[in-house]
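Report on the structure given below.
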Amino acid sequence: MKFIRKLLVLCLTLLLGFWLGTTRLLDGTTLGSWMNTIVSYLPDTEQLNHISMNVGESPLFNGSMQLDSERLSPQILSPDSFRTQETEVNYDLVEQTIIDRVNELRLDLSLSPLQSNDMLKAGAIIRAQETEEVFSHTRPDGTEPFTVLEEEGIHYPYQMVGENLGMATYYMEEVEMAELIFNGWVESEGHYENMVRPEYEEIGVGVHYDGEFLYATQLFGTPL
């Protein structure tokens, strides 16, 4: 009971201090400086209402999962800059920009560039669409992601294959959005390892927009 009373007194004291701070009556005093310091560390509620995440999980090799911990890279957005559901997205531009940035990264490390593969791209497009429903390396039907390469019309026998997933609120132009998602992958250890893995030879990128979020999938592969 004494603890609750002390807690109530503390809360009332802080509220009174904040109110006095807004009236400017404490300006120039030690208490005023103390209250201003506390306020400076509190988050801006308007910004907190507009946080978008680039969410990532892990690299997947040879059809088996090796899960890392998730990495979240928040991007502070302005509410006036959100795209609308009617926005037409040049998917080809986003996909090609991501491939270009991956190959630039690999060339900087003296690695061979990845060749674009239509089968991997077809699978990546399906996976990008599926991540709107379930943002996970497990498909909505509960199977592993690389079963997408067995879908009708897709045939990709492989020695090795990997997947990167990314998403972000769509609020910039296509090239900028592609670079935003790519940079999120670069900053995440598991995604980065996929992009610079020397054994990979080919890549396919798929993109999907649901009216708010832009989803992107990279499928890496080394064919048989």
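Summary table
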| read-out | value |
| --- | --- |
| Close pairs (8 angstrom Cβ cut-off, 6 or more residues apart or separate chains): within 10 Å of Val205 (Cα to Cα) in segment 90-118, at pLDDT 95 or above and polar (S, T, N, Q) anywhere | Ile98/Gln218; Ile99/Ser116 |
| Test: Thr131 is of a type in the set (S, T, N, Q) and either part of a strand (DSSP E or B) or open to solvent by 40 Å² or more (accessible area, probe 1.4 Å) (or both) | no |
| Residues within segment 165-219 that are over 28 Å from Ile154 (Cα atoms), open to solvent by 40 Å² or more (accessible area, probe 1.4 Å) and in a loop (DSSP other than H, G, I, E, B), tallied | 5 |
| Residue in segment 177-194 that is hydroxyl-bearing (Ser, Thr, Tyr) and in contact with a Gly (Cβ under 8 Å, 6 or more places away or on another chain) present | yes |
| Residue among Gly153, Gly142 that alone is of a type outside the set (D, E, K, R), within 19 Å of Tyr91 (Cβ to Cβ), part of a loop (DSSP other than H, G, I, E, B) and out of contact with any strand residue (DSSP E or B) (no Cβ under 8 Å at 6 or more places or on another chain) | Gly153 |
| Options Val161, Val134, Val89, Val148; residue that is within 17 Å of the chain's Cα centre (by Cα) and on the phi < 0 side of the Ramachandran plot | Val134 |
| In segment 128-162, the residues that are out of contact with any Gly (no Cβ under 9 Å at 6 or more places or on another chain), in contact (Cβ under 8 Å) with a residue 60 or more places away in the chain and charged (D, E, K, R) | Glu132 |
| Tyr158 vs. criteria out of contact with any Leu (no Cβ under 6 Å at 6 or more places or on another chain), of a type in the set (Ser, Thr, Tyr) and open to solvent by 50 Å² or more (accessible area, probe 1.4 Å) | yes |
| Qualifying residues in segment 107-128 (those that are out of contact with any helix residue (DSSP H, G or I) (no Cβ under 7 Å at 6 or more places or on another chain) and within 20 Å of Gly184 (Cα to Cα)) - the one most open to solvent (accessible area, probe 1.4 Å) | Asp108 |
| Which numbered condition Ser136 fails, given (1) farther than 15 Å from Gly204 by Cα; (2) buried (at least 17 other Cβ atoms within 10 Å of the Cβ) | (2) |
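The values are calculated or read from the model by the stated rules, or taken from the named source; none is laboratory data. Only a predicted model underlies this, so the values are computations on that prediction, with no experimental measurement involved. Every residue, glycine as well, gets a Cβ built from its backbone with ideal geometry; the counts of neighbours run over all protein chains shown. Ligands, DNA and RNA are stripped out before the accessible areas are found, and what is left, the full protein with its side chains, is counted by its heavy atoms. Shrake-Rupley method; radii C 1.70, N 1.55, O 1.52, S 1.80 Å.
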